[in-house]
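See structure below.
Just so it is clear, none of the values below were taken in a lab; they were calculated from the coordinates. Nothing here was measured: the structure is a model prediction, and the numbers come from that model. Using ideal geometry, Cβ is built from the backbone for each residue, glycine included, and neighbour counts are taken over all protein chains shown.
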Amino acid sequence: MALRDEDYGGMVLPQKGLRPETIAAAGEPPVPIGQLWLHQLAPMRHGQAVSRSALRLVTVRAQGDAATVPQCALAVRRNPSGALEMLVFGKGKEPVLAVPLQPFDARQSVPIDLAAERDYDSGRLTLKILGKHQATIPVTELAPY
């Protein structure tokens, strides 16, 4: 699933074999659920863009053009209070962001659906997972350096 708004974009790739049981069985150790690729965007933490130095940046080439984009691993775990949360990883072993995983009930034709909302110089990406859960990731413009 991919979205584009002018020069900004995002794409989510689900983990192969992702099933509702995978998320239901999540414990404290994170369980991988997919990848999030961003174009000209970065996840936001505490109202600020996650720094480029904390993100895994990948150069993608297509039709003679090249772009350096953040590629974030996504995982789910149960936090110490037992609630499910989605983790967004950059290049380190610790997540750059943790957001609540909320119950959601809908039919969907793809394992992870992606929706976006823009709000001035920031926005939100909402991931709907297997028609059972959803999480919202705040995003803003990726710093140029």
Legend entry - Karplus-derived 3J(HN,Hα), 6.51/-1.76/1.60, for each residue of segment 96-109, Hz, glycine and proline x: 7, 7, 10, 10, x, 9, 9, x, 7, 9, 7, 7, 8, 8
Legend entry - Helix-only mean residue ellipticity at 222 nm for the chain, each DSSP H run of n ≥ 4 adding -39500 (n - 2.57), per residue, nearest 500: -500 deg cm²/dmol
Legend entry - Stretchable slack from Ala115 to Glu94, in nm (0.36 nm times residue separation minus alpha-carbon distance): 5.0 nm
Legend entry - Cut-off under 5 Å, modelled amide H: who pairs with Met86 long-range: Val99, Leu101
Legend entry - Distant-in-sequence amide H partners of Leu55 (H built 1.01 Å from N, under 5 Å): Lys91
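Listed highest first by mean packing, meaning other Cβ atoms within 10 Å per residue, what order do 105-112, 88-95 come in?
Details: 105-112: 12.5, 88-95: 16.1.
Per-residue Cβ counts within 10 Å, averaged per peptide and sorted highest first, yield 88-95, 105-112.
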Legend entry - For segment 1-67: Kirkwood Rh in Å [reciprocal of mean 1/r, alpha carbons]: 14.5 Å
Legend entry - Cα-based Kirkwood hydrodynamic radius, the chain, one decimal, Å: 15.5 Å
Inset, instruction - Return the sequence-ordered ³J(HN,Hα) values of segment 126-139 in whole Hz as given by the Karplus equation 6.51 cos²θ - 1.76 cosθ + 1.60 applied to θ = phi - 60°, using x for Gly and Pro. - result: 10, 9, 9, 10, 6, x, 10, 9, 9, 9, 10, 10, x, 9
